[in-house]
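The values are calculated or read from the model by the stated rules, or taken from the named source; none is laboratory data. Please read all numbers here as calculations on a predicted model, not as lab measurements. Positions of Cβ are generated from backbone atoms using ideal geometry, with glycine treated the same way; all protein chains shown enter the neighbour counts.
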């Protein structure tokens, strides 16, 4: 019988695969991921337009004379959201608590992702040589770190069944 | 919460420096582990895997010169170490008791998954990025499999692995979930 910690991880990885694999399927990409990503581009473009001036949004692209950015899979916050959903569902808690945890986490990740898209546009516009490092190593880490730290915050007081308790 | 965020930032900053400056050296070790794994595939039995600064090259070498050369951005497969070190830094007293042993085991698991990710990336590139050679040597399902594996690893798998490694380094789920944040 695996320990509660190992059981959580096994369930987490099983759910992660279950949630992420459909994103690789073309119909899911066309019907769900692309419209969602266009929404992310529209909102990001609207916020950027408040202070970045001459730009417009076309599909998943934010275009301007200064810099253009195409929001692809991995940059729309969906993967981190599904990652968080897998963790929340794998952790023992009530359905209500999970629902609140997942919904709040989704909103938080999308808010952070909005900051990511905006900042990447600005980095690309003003410091093109930094773009790749910010795009991958820094912002991907931040988005997933927010998901993990939020998850740990959410688990406070929800100790896994059978886990040793603090004296 | 703020203290944990600061500890995370310090750990992640160490991870970024490590990833930025140690990657070329790390690739030398990584290819030594990845090459024998890759050669388990008969199609790539004679392939050589070589570090190339932040990238890794695979090619046929002298034994099989007709094998195309491929170049993969290997540094994009290993930056989950930044997330792992950031999270590890949030552990209460991370180097006390069995913390160092757990860190060593977690880093060994990360290393093993990096080697497997390099193999998956090379296979995916041979399967779909070499034109007719890939179409001749890989069935469509195999091409889909390797691409899905690489894609899944890059988009979420690598962060799931970093999270899982960190989760196992915590003193106990119940205790640290209350203490860590």
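Here are some conditions: (1) touching a helix residue (DSSP H, G or I) at 6+ places or on another chain (Cβ under 8 Å); (2) within 9 Å of chain B (Cβ to nearest Cβ). Residue A:153 meets all but one. Which one does it not meet?
(1)
Can you name every one of the helices (runs of 4 or more DSSP H) wholly within region B:65-178 that holds 1 or more residues which are within 9 Å of chain A (Cβ to nearest Cβ) and under 20 Å from residue A:17 (Cα atoms)? First the steps, then the outcome.
Values: elements: B:80-89, B:99-128, B:132-137, B:140-152, B:158-169.
Because the criterion is at least 1 residues that are within 9 Å of chain A (Cβ to nearest Cβ) and under 20 Å from residue A:17 (Cα atoms), the helices (runs of 4 or more DSSP H) in region B:65-178 that meet it are B:80-89, B:140-152, B:158-169.
If I ask for residues that are without any contact (Cβ under 8 Å) to a residue 24 or more places away in the chain and more than 17 Å from the chain's Cα centre (by Cα), which ones from region A:127-148 would you list?
A:127, A:129, A:130, A:131, A:132, A:133
Do we find a residue being surrounded by fewer than 21 Cβ atoms within 10 Å (Cβ to Cβ), more than 14 Å from every other protein chain (Cβ to nearest Cβ) and free of Cβ contacts under 8 Å to residues at least 60 places away in the same chain anywhere in region B:16-25? Steps first, please.
As a first pass, look at region B:16-25 and keep what is surrounded by fewer than 21 Cβ atoms within 10 Å (Cβ to Cβ): B:16-18, B:20-25.
Okay, now just the ones that are also more than 14 Å from every other protein chain (Cβ to nearest Cβ), so B:24-25.
Now narrow it down to the ones that are free of Cβ contacts under 8 Å to residues at least 60 places away in the same chain: B:24-25.
Within region B:16-25, one or more residues are surrounded by fewer than 21 Cβ atoms within 10 Å (Cβ to Cβ), more than 14 Å from every other protein chain (Cβ to nearest Cβ) and free of Cβ contacts under 8 Å to residues at least 60 places away in the same chain.
Going through A:47, A:57, A:117, A:43 one at a time, which residue ends up being more than 13 Å from chain B (Cβ to nearest Cβ), more than 29 Å from residue A:3 (Cα to Cα) and outside any helix (DSSP H, G or I)? Full working, then the answer.
Numbers: A:47 fails: outside any helix (DSSP H, G or I); A:117 fails: outside any helix (DSSP H, G or I); A:43 fails: outside any helix (DSSP H, G or I).
Only one candidate passes the filter, namely A:57.
If I filter region B:93-124 down to residues being over 13 Å from the mean Cα position of the chain (by Cα), surrounded by 15 or more Cβ atoms within 10 Å (Cβ to Cβ) and touching a residue at least 60 places away in the same chain (Cβ under 8 Å), which single residue comes out as farthest from residue B:164 (Cα to Cα)?
To start, the set of residues in region B:93-124 that are over 13 Å from the mean Cα position of the chain (by Cα) comprises B:93-105, B:123-124.
Filter once more, keeping what is surrounded by 15 or more Cβ atoms within 10 Å (Cβ to Cβ): B:94, B:99, B:102-103, B:123-124.
Imposing the further condition that a residue be touching a residue at least 60 places away in the same chain (Cβ under 8 Å) reduces the set to B:94, B:99, B:102-103, B:123.
Numbers: B:94: 16, B:99: 15, B:102: 12, B:103: 12, B:123: 25 Å.
Filtering region B:93-124 for residues that are over 13 Å from the mean Cα position of the chain (by Cα), surrounded by 15 or more Cβ atoms within 10 Å (Cβ to Cβ) and touching a residue at least 60 places away in the same chain (Cβ under 8 Å), the one farthest from residue B:164 (Cα to Cα) comes out as B:123.
Out of all the residues in region A:91-105, is one or more more than 17 Å from the chain's Cα centre (by Cα), within 24 Å of residue A:153 (Cα to Cα), part of a loop (DSSP other than H, G, I, E, B) and modelled with pLDDT under 90?
No, region A:91-105 contains no residue that is more than 17 Å from the chain's Cα centre (by Cα), within 24 Å of residue A:153 (Cα to Cα), part of a loop (DSSP other than H, G, I, E, B) and modelled with pLDDT under 90.
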